[in-house]
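Below is one structure, written out as C-alpha cells; comments come after it.
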Amino acid sequence: MHNKPNNSPIKIIKNGASVQVTWDGDVLNCDSDTIIKQIAAQMSNTVKQLGFAAPAHGQWDSSLLSVLFGAVQEAQRHNIAVDLTALPQNLQDLVHLALAVDRKPQHKENMQFGFLGTIGAGTVKIWTAVNNVLGFIGEVFISLLRFFSFRSVMRGIDFLAALDDCGPKALGIVALISFLVGLILAFVGAVQLQTFGAQIYVASLVTIGMCRIMGAIMVGIIMAGRTGSAYAATIGTMQVNEELDALETMGLPKVDFLVLPRLLALVLAMPILTMLADFMGMIGGAFVGVFLLDLPYQEYWKYAINAFNLKNFMVGIFHGFCFGFIISMCGCYCGLTCGRNADSVGVATTRSVVNAVVWMIVITGIITVICQEIGV
Amino acid sequence: MKKEVQIDVKDLTVGYGDYVLLHDANYQVNKGDIFIIMGGSGCGKSSMLRILTGLLPPLKGQVIISGVDIASAPAKEVQKIREKSGILYQSGALFSSMTLAENIMLPLQQYSDYSPATMRELAALKLALVGLKGFDDFYPSEISGGMKKRAGLARALALDPQIVYFDEPSAGLDPISSRNLDDLIIELNRSLGTTIVVVTHELASIFAIGNNSIFLDAATKTIMARGDPKELLKNPPNQAVYEFLTRGEKK
Ligand SMILES: Nc1ncnc2c1ncn2[C@@H]1O[C@H](COP(=O)(O)OP(=O)(O)OP(=O)(O)O)[C@@H](O)[C@H]1O
Ligand SMILES: [Mg+2]
C-alpha cells in the first residue's frame, strides 16, 4: 500500500530562462510521476536551464532518484541544459549511472499492426499451431509403427513406470470419485423418481448413466488433472534442464523415448479404470438405493443387471480408450513445446489440462453423434 | 604440417527469425584444437553452439563438420556426425529418472552392440575418468552441481567422440572444481586427441586451455577477433577485446 502525500516537499521554481527544483529535509516515498509531470509542464521554449538544489543531509529513496531521472530525461528531450552540481555527490553519481548509454535493446520493438494486420498475424499463428500439432500427431503414428515393427527405442522400464503411475496408483482416487458420483446420480434421480413411486428405477438410471458415459468422463477428468498435467510438467522440466536437447543431439527420437511409453500406458490403463469406475458408480447407487430409499438389496441388483447393456458398456470403454489417447497426447505435446523457464512449465501444465478436457468433450460429442447414426 | 580442418563455418548468419545476432561468420576449427568461443553476454555464443550441434538451423551459410554440411546433408549422415560428437550442457542435462550409469549407457545402447555387462563396465570406466568412481547407481538428484557436470561429461564421452562441445563448463563451479574441469579438458584433448569447442567467459579458463578462439561482438554482429587468446592479450586488435581479456581495464 502506498500513501501518497499531497504536499510534496519538492518545490519547482521558474525563474526566467531557468527552472529550479529544490527541496529541504527528507524526500521519502514521493509521488514521482506527478512531480515529473509538473516539472515537464514548466519546460517551455524559453527555458534554457534546469537546475537542482538540495541539502547535503536528509534522507531520500528511489522515488527521489526517479524524479531526478525523469526530469533530466525530460530536459534532454527539450534540449535544455542540466546542472546537477548542486546535488550531493552520491545523487549525482546515481543519476549519471542511470543515464549512461549502454547497448540499446534491439529486437523488442513492438510491432504495431492495423486491424487487418492483427487478423493476418493471428491467422499465421493459428496456421503454424495447426501445422505443429498435425506434425506431432504424424510423428506419434510413425513412432507407433516403429513400435509395432519392433524397431522402437522405447525403454521397457519407462513404460512400466508410466503404467504403474497411471494404473495401480490411480485406483484409489478413481474408485472414490466414481463411488461418490454414483451416489450423487442416484440421489438426484431418486428425488424425481420418488414422486412417481418409481424409485426402483434408480438402479437402471445409475447403471446406464455410469456405464455409457459418466464413468469414462469422470476417469478422463481425474486422469487429465492427475496424469496429463504430470506428463506436461515432467517433459517441460526436461526442456528447461536441456535434457530434451541432449536427447536430440544423441539422436534419440524424443517421441519414442518420452511420448510412446506414456501414451501406451495411459491408453492401456484408461479402459480398465473406466470399468472400475462403472462398477464403483453402481455400488454408490446401490448404497443410496438400499440405505436411503430402503429398496430391497436383491431387487436393486436385479434392476441394475437388467439395465446393464453390453453395447452401452463397450461405448463407455471406447470413450475411455479415446480419452487416454487425448490426455497423453495433450500432456506430451504441451511438455515438448514448453519454453525454457520455470514459468513456462506452469503454462504448459495448465494448457495440457484445459486442452485435454476440451478435446474430450469434443470427442464425446462426435462419438455420440456417430452412435446415434449407427443406432448404438 | 598443415592441420586437418574439423569444423568449417562458411558465411554463417546466426539469429532467430528476423533477429540477426551475427552476420556472415567464417572460421575453422582444426582437429585437436581447444577452441574458445567468447564474447559479452547476449552476443550469441550459446546460439552459435546450438547451430554447431544442429539444434538450431542457420539463417544462412554452411556448417561443415568432418566434410558434411549438417544443414543440408541427409539425416543418416548428420546422425553419424552426432554419434561422433559429445555435448556437455550448462546444467549437465542428465536424465533425472535414470542413474548415472544408465545415463551413460543410453547412447551406448542406441549406437553400439556391446553386451549389457560390457556397457556397465564402460559406464563405470567413463565415470572413473571424470572422477566419479563408484557413483554408478546414484541418481542425478543425489549429487552436487559440479558432480552433475562431470557426469554429463562422462555421458558426452560415452561414444568416444571426436568433438566435444562445452557450454560454460565453469559456470556455477567453485574455483577448484572449475580448475579441475579445465585440467580434465586438457587431459582429454592431449590423450585422446579430441577436438574441443568451449563457450565461456571465464578468463582463467580461456588462457589456461584455449589455443584458438573467436571473439563475437554484439554491436557490430561480427567476429571481432580470432586466434590464440594469449596472443590476443599481447596484441589486442582493439579496445573491446582488450577490455574483455583484462576484465574491463581501460587501455
Ligand atoms: N529461442 C530464442 N528466440 C529468440 N531469441 C532468442 C532465443 N534464444 C536466445 N535469443 C536471443 O539471442 C540473444 C543471444 O542469446 P545467447 O543465449 O546465444 O547469448 P549468449 O552469448 O550465450 O549469452 P550469455 O553469455 O549470457 O549466455 C539474446 O539476446 C536472446 O534474447
Ligand atoms: Mg549462453
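The values are calculated or read from the model by the stated rules, or taken from the named source; none is laboratory data. Model, not experiment: these values are computed from the prediction. A quick note on method: Cβ atoms are made from the backbone with ideal geometry, for glycine too, and the neighbour counts reach across all protein chains shown. Accessible surface is based on the protein model in full, side chains and every heavy atom, while ligands, DNA and RNA are left aside. Shrake-Rupley method; radii C 1.70, N 1.55, O 1.52, S 1.80 Å.
Taking the alpha-carbon centroid of each part, what is the distance from region B:32-52 to region A:115-144 in angstrom?
32 Å
Would you be so kind as to list the residues of region B:10-30 that have their accessible area lowered by at least 20 Å² in the full protein complex compared with their chain by itself (1.4 Å probe)?
Residues of region B:10-30 that lose at least 20 Å² of accessible area once the other chains are added: B:Tyr19.
Leaving ligands, DNA and RNA out of it, rank A:Leu258, A:Leu310 by accessible area with a 1.4 Å probe, largest first.
A:Leu310, A:Leu258
Which of A:Ala86, B:Leu233, A:Ile119 sits farthest toward the positive end of the charge dipole of the protein assembly as shown, with +1 on the Cβ of Lys and Arg and -1 on the Cβ of Asp and Glu?
A:Ile119
Work out the charge dipole of the protein assembly as shown with +1 on the Cβ of Lys and Arg and -1 on the Cβ of Asp and Glu about the Cα centre, then indicate which of B:Leu59, B:Met119, A:Pro9 is farthest towards its positive end.
B:Leu59
With +1 on each Lys and Arg Cβ and -1 on each Asp and Glu Cβ, how big is the dipole of region A:23-147 about its Cα centre, in debye rounded to the nearest 20?
Magnitude of the dipole: close to 720 debye.
Pop out a list of residues from region A:235-277 that are at least 20 Å² less accessible with all the protein chains around than in their chain alone; 1.4 Å probe, no ligands or nucleic acids counted.
A:Asn241, A:Glu242, A:Glu243, A:Asp245, A:Ala246, A:Glu248, A:Thr249, A:Met250, A:Gly251, A:Leu252, A:Phe257
Once you place label points 7 Å from the Cα toward the Cβ at A:Ala161 and B:Asn235, how far apart are they in nm?
For A:Ala161 paired with B:Asn235, the spin-label model returns 5.5 nm.
Please check chain A for the longest run free of trypsin sites (Lys or Arg not before Pro) that are loop-located per DSSP (anything but H, G, I, E, B) and have at most 14 other Cβ atoms within 10 Å.
A:152-339
Choose one of B:Ala75, B:Leu245, B:Val199: the residue whose Cα lies farthest towards the positive end of the charge dipole of chain B (beta-carbon charges +1 Lys, Arg; -1 Asp, Glu; about the Cα centre).
B:Leu245
Using a 1.4 angstrom probe, figure out how much accessible area region B:36-176 has per residue, in square angstrom, rounded to the nearest whole.
Normalised by residue count, the accessible surface of region B:36-176 is 42 Å².
Please work out how much accessible surface B:Ser72 shows to a 1.4 Å probe, ignoring ligands, DNA and RNA, in Å² rounded to 10.
Its heavy atoms expose roughly 90 Å² to the probe.
How many Å³ per residue does the convex hull of the Cα positions in the protein assembly as shown occupy?
About 272 Å³ per residue, rounded to a whole number.
With a 1.4 Å probe and all protein chains kept in place, how much accessible area does B:His23 have, in Å² rounded to the nearest 10?
B:His23 exposes around 80 Å² with every protein chain in place.
If you roll a 1.4 Å probe over the protein assembly as shown with all protein chains in place, what percent of the accessible area is carbon or sulfur?
About 61 percent, which is the carbon plus sulfur part of the accessible surface.
Separation between the B:Phe138 and B:Gln110 pseudo-spin-labels, each 7 Å from Cα along Cα→Cβ, expressed in nm?
2.4 nm
In degrees, nearest 10, range 0 to 90: what is the angle between the Cα axis of helix B:145-156 and the longest Cα principal axis of chain B?
80 degrees
Between A:Gln59 and A:Phe308, what is the spin-label point distance in nm, taking each point 7 Å from the Cα along the Cα→C-beta axis?
If labels sit at A:Gln59 and A:Phe308, their model points lie 7.7 nm apart.
Given the protein chains as shown and a 1.4 Å probe, how many square angstrom of B:Glu168 are accessible, to the nearest 10?
Counting only protein heavy atoms, B:Glu168 exposes about 30 Å² to solvent.
Taking the Cα centre of the protein assembly as shown as origin and charging only Cβ (+1 Lys, Arg; -1 Asp, Glu), how large is the dipole, in debye to the nearest 20?
With only Lys, Arg, Asp and Glu charged at Cβ, the dipole is about 740 debye.
Of the candidates A:Tyr231, A:Tyr303, A:Tyr333, which one comes out as most mobile in a Gaussian network treatment of chain A with C-alpha springs shorter than 10 Å?
Result: A:Tyr303 has the largest fluctuation of those listed.
What residues qualify as long-range amide H neighbours of A:Val82, i.e. H under 5 Å apart, gap of 5 or more or another chain, H built at 1.01 Å from N?
A:Leu50
For helix B:116-129, report the angle its Cα long axis makes with the longest principal axis of the Cα atoms of chain B; keep it between 0 and 90° and round to the nearest 10°.
50 degrees
Using a Gaussian network model of chain B with C-alpha springs under 10 Å, which one of B:Gln110, B:Gln62, B:Gln90 is most mobile by mean-square fluctuation?
Answer for the Gaussian network model of chain B: B:Gln110.
List the chymotrypsin sites (Phe, Trp or Tyr not before Pro) within region A:115-176 that fall in a DSSP loop (any state other than H, G, I, E or B) and whose Cβ has at most 10 other Cβ atoms within 10 Å.
Hits after loop and neighbour filter: A:Phe150.
Can you flag which of B:Lys60/B:Lys234; B:Lys10/B:Lys84; A:Lys125/B:Lys80; A:Lys254/B:Lys10 are past 32 Å Cα-Cα?
The pairs that break the limit, which is 32 Å between Cα atoms, are B:Lys60/B:Lys234; A:Lys125/B:Lys80.
Report the residue, chosen from B:Ile104, B:Ile143, B:Ile176, that carries the largest GNM mean-square fluctuation when chain B is represented by alpha-carbon nodes joined by springs under 10 Å.
Per the Cα network of chain B with a 10 Å cutoff, B:Ile176 tops the list.
Taking the Cα centre of region B:93-160 as origin and charging only Cβ (+1 Lys, Arg; -1 Asp, Glu), how large is the dipole, in debye to the nearest 20?
Roughly 280 debye, rounded to the nearest 20.
Starting from the Cα of B:Lys230, draw a straight line to each of the lysines and keep only those under 25 Å, dropping any in the same chain fewer than 8 residues away.
Hits, sequence-local ones excluded: B:Lys2, B:Lys3, B:Lys31, B:Lys45, B:Lys221, B:Lys250, B:Lys251.
Can you tell me the accessible area per residue over region A:155-374, all protein chains present, probe 1.4 angstrom, in square angstrom?
43 Å²
Relative to the longest principal axis of chain B, what angle (0 to 90°, nearest 10) does the C-alpha long axis of helix B:100-111 take?
Rounded to the nearest ten degrees, it is 80.
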